[in-house]
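Enquirer: This is the structure I want to talk about, given as structure tokens.
The values are calculated or read from the model by the stated rules, or taken from the named source; none is laboratory data. The model shown is predicted, which means the values in this text are computed figures rather than measured ones. Virtual Cβ from ideal backbone geometry, glycine too; neighbours counted across all protein chains shown.
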Amino acid sequence: MQDFAKNALAALVLVFLAIILVAPAYAWLSALPASPGTIDYFRLLGLYAFSLVFVSIFLSAFADQLAKLFPRPKTLKAHMALGIFALILAFSHPLALYAILAAGGWLGTLAGIFVFPLAISALGPIQSLGTIALYLIVIAVIAGILRKKMRYTTFLKFHDLSYLAFFFGFFHSILIGTHLRNLTALSFLWFAFLIIVVIGLILKIRGVLSRKRAPVPESVQSAEQAIQNR
């Protein structure tokens, strides 16, 4: 009976993840105009960038719970791979989109996004939320890549910026997203993401408080070792 319940719960998690992978494309195709422009295709990158940021956070925030259903090393590898892929999409989405919209062309777009992020307010201040989310994703992913060279506590401070990236990205997409401004099925999925991430954040804070009461031994002070020993 326990094995049946475990397998059923694992199947539900996989179905949920499958829905996340399919829903953005379905919503995008449903709203695609008869004669789509280049800009329509780059909006899809933004939908998937945000979705993958959520899945990456989900795999990390609920790692202990998921370890009862799936091998921990596999969920850890999926978490890291999805984070990198989300970063690639997050870069591609504004770079391509602003190059189309901005009169400054590619050079002006690069300067606006990567040198003066808040200057994008010329296109609207809400776009700047997306840019800030992009910067935070960069920091979180770099921390993940360099985890073997970092202490666990230092790693967490940088890597957990992915939560802030999610919140900035959420408000950016809900407020101006073509497929999310009205109450659509995708917007309900986005709010489900929000609730799950808030729950994950609460679990994360509880974990931080428990670590303060019981510090990580020196033998597992590196982020890589601490993660493997969780």
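Enquirer: Looking only at residues in the range 40-99 that are of a type in the set (Lys, Arg) and farther than 17 Å from Ala143 by Cα, which one is surrounded by the most Cβ atoms within 10 Å (Cβ to Cβ)?
Expert: The first filter runs over the range 40-99 and keeps only residues of a type in the set (Lys, Arg), leaving 43, 68, 72, 74, 77.
Pick out the ones that are also farther than 17 Å from Ala143 by Cα and you get 43, 68, 72, 74.
On the way: Arg43: 20, Lys68: 10, Arg72: 15, Lys74: 11.
Among them, the one singled out is Arg43.
Enquirer: Can you tell me which residues in the range 146-183 are farther than 20 Å from Ser128 by Cβ, at pLDDT 85 or above and assigned to a helix (DSSP H, G or I)?
Expert: Phe158, His159
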